[in-house]
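As structure tokens, the structure follows; a few thoughts come after it.
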Amino acid sequence: MKNARLKLVAVAVAAVGVVGMGTAAVASGNHDREHLTGYEETPALSTPGAGDFRIDIHRDSIDYKLSFSGLESDVTQAHIHFENRTNAGPIVVFLCSNLGNGPAGTQACPAAGGTITGTITAADVGNGAVAQGLAAGEFQEFVQALRSGATYVNVHSTTRPAGEIRAQIDDDHDH
């Protein structure tokens, strides 16, 4: 009987250890931080503007923080686009806009620079990339694109309507 209890305790401890390791493995890929510059725009730009973008990925949502400053003119909008680092791509998620072109509830951008925060859910994933297979509401597909380096964050300004600062979002954790 004593031997059976010891085996049961050993199995329980092992199970807790395995579950704990699985949780740590899942959590390790759920954060990313990127630095935005004009050099990542296509074509590359020389601008004093810069920014930082951070995401925390959860099961059904993504919390983000975007800070930017020093742009050559007022910010008009910021988005997450679907495309690799050498091309411009369609908008998948609006982060902010001063143009009235975002979905209902899109926050205003701080025109002269600042910080915005928010949460992205399936309802925020738009249909801009449907031709490339990423349809509206496909949250897990969007997360997979984020983790694979197939998305970028872009801040647009009045003198640079195609984008003034940009960063490819990838899972390398060294930005």
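Read-outs: derived from the displayed coordinates by stated rules, not from any lab. The structure displayed is predicted, hence computed values, not measured ones. We place every Cβ from the backbone using ideal geometry, glycine too, and count neighbours over all the protein chains shown.
Between residue 56 and residue 101, what length comes free when the chain is fully extended (0.36 nm per residue of separation minus the Cα-Cα distance, one decimal in nm)? Write out the running numbers ahead of the final one.
On the way: separation 45, 0.36 × 45 = 16.20 nm, distance 2.59 nm.
Between residue 56 and residue 101, full extension yields 13.6 nm more.
Could you give the length gained on full extension between residue 144 and residue 131, defined as 0.36 nm per residue of separation minus the Cα-Cα distance, in nm? Spell out each step's value before the answer.
Numbers: separation 13, 0.36 × 13 = 4.68 nm, distance 1.69 nm.
Roughly 3.0 nm would be gained on extension.
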Treat each spin label as a single point 7 Å out from the Cα along the C-beta direction, and report the residue 123 to residue 159 distance in nm.
3.9
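Apply the Kirkwood formula to region 31-169: the hydrodynamic radius equals the inverse of the mean of 1/r over all pairs of different alpha-carbon atoms; give it in Å with one decimal.
On the way: mean 1/r = 0.0685 Å⁻¹.
Kirkwood hydrodynamic radius for region 31-169: 14.6 Å.
Report the full-extension gain for the segment residue 111 to residue 33: residue separation times 0.36 nm, less the Cα-Cα distance, to one decimal in nm.
On the way: separation 78, 0.36 × 78 = 28.08 nm, distance 2.24 nm.
Contour length minus the Cα-Cα distance gives 25.8 nm.
Once the other residues with Cβ under 12 Å from the Cβ of residue 72 are scored (Lys, Arg +1; Asp, Glu -1), what is the net sum? Write down the numbers at each step before the final one.
Working: positive: 160; negative: 74, 164.
Taking every Cβ under 12 Å from that of residue 72, the sum is -1.
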